[in-house]
Amino acid sequence: MIKNRNSRWGKTLYIISPGEYFATEEQCILGTVTGSCVVVCLYDSVRRIGGMGHFIVPGTIGTEGIFRDEIASHGITSMEHVIGEMVKLGGDRKRLSAKIFGASYLNGYSARVHYGTVGTMKFMHEYFTLEKIPVLVDDLGGHARRKIYFNPLNGKVFRRFLSNNEGSSEFIRLEQEYIENAFMNKGTYGRMIMFE
Amino acid sequence: MKRILVIDDSPTIRTSVEYAVKKEGYAIEHAENGADAIEKVSSLRDAGDEISLCIVDVNMPVMDGITFVKEFRKTDRFTPILILTTEAEESKIKEGKDAGASGWIVKPFQPEGLVETVQKLIG
């Protein structure tokens, strides 16, 4: 994550890279650029806390429910990271609303990434239904990258489609690296420690 | 039948854990946070039932997982408690151990690994 104190918004801009998440209650803007990944903006309107997650579900999701799907468990964990940070600040998932962006089908990406994009879309819809978190904006799919700015104190999002990938070459490189790693590590689970 | 209390504010996680362990023949109870779990344990005890194992998240509203472990240990020193969380920092893990947890599992969890651990703890 990059912190820019001199943004054009007149407040600190946190730039969230693919695979990262952040939650805050400070006056700032969270920004990112997404292609195949999804960007989730969560908002707790009572505590005025916002959180952003930027990730992909690394594969296709089965039809039996995300709670019994090993690929989906990585998406669930990505969501848990963002929501967990919001809870630490006093947030409560029962009060959250969501705005979701991205999961574009981009030219030049492998079929594997496209499967991930489809899996991510399916995951997002199923996850928010199970969690009973209302999705206020569902802006997934299409064929262009999106630039997203999120105000965590009022939940507002500014979204712009990028034509010809303008000014996003660094994000494209980071996204490709992140997706490669996400697919490579999809069989990896968290460690288990037993205390004496 | 052995009874497992799954404590997590996420219904998706509670259902994932239930799906993984229920097929092994355990009965499952759900709680949304530490305070809800303490109440549930107390009403089960009043009804003459007991919990064989708790699986608890760390970051939850109302009462977090570490506080739950400390509260639970005031009246029960022996029932195993597994912490299941995205938190992986050593300092946090030590906090869980010091509070009286039996083990720490970092999400995402492997269903077979979880079942194996549960079986080791309560048979």
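None of the figures in this text is laboratory data; all of them are computed from the coordinates on show. The structure presented is a predicted model; accordingly, all values stated were derived computationally and were not measured. No Cβ is skipped: glycine too gets one built from the backbone with ideal geometry, and neighbour counts run over all protein chains shown.
Details
- Largest GNM mean-square fluctuation among B:ALA47, B:ALA101, B:ALA31, using chain B with Cα springs under 10 Å: B:ALA47.
- For the listed residue pairs A:LYS99/B:LYS94; A:LYS94/B:LYS40; A:LYS156/B:LYS94; A:LYS94/A:LYS156, the alpha carbons are over 30 angstrom apart in A:LYS99/B:LYS94; A:LYS156/B:LYS94.
- Shielding by partners - mean other protein chain Cβ count within 10 Å, residues of B:56-66: 3
- Near A:PHE195, the amide H atoms lying under 5 Å from its own belong to B:GLY103, B:TRP104; only residues 5 or more places off or on other chains count, and H is placed 1.01 Å from N.
- Applying 1/(1 + (r/R0)^6) with r as the Cβ-Cβ distance of A:VAL46 and B:ILE122 and R0 = 45 angstrom yields a FRET efficiency of 0.70.
- Distance (nanometres) between label positions extended 7 Å along Cα→Cβ at A:ARG173 and B:LYS22: 4.9
- Computed over chain B, Kirkwood Rh from alpha-carbon pairs, angstrom: 14.2
- Residue-by-residue Karplus 3J(HN,Hα) for the stretch A:67-84, coefficients 6.51, -1.76, 1.60, Hz, glycine and proline x: 6, 10, 10, 5, 5, 5, 4, 6, x, 4, 5, 4, 5, 4, 4, 5, 5, x
- Residues whose amide H falls under 5 Å from that of A:GLY142, counting only those 5 or more places apart or on a different chain, are A:TYR105, with hydrogens built in the peptide plane.
- B:ASP49 versus B:MET1: modelled label distance in nm, points set 7 Å from Cα along the beta carbon direction: 0.9
- Segment A:THR129-A:GLN27, length gained on full extension (0.36 nm per residue, minus Cα span): 33.7 nm
- B:ALA88-A:ASN164 FRET efficiency (beta carbon distance; Förster radius 41 Å; 0.05 resolution): 0.55
- GNM result for chain B, Cα springs below 10 Å: residue of B:LYS107, B:LYS74, B:LYS97 fluctuating most strongly: B:LYS74
- Cα-only radius of gyration and Dmax that characterise chain A, units Å: 16.2, 58
- Residue with peak Gaussian network fluctuation, chain A [Cα springs, cutoff 10 Å], from A:PHE150, A:PHE67, A:PHE123: A:PHE67
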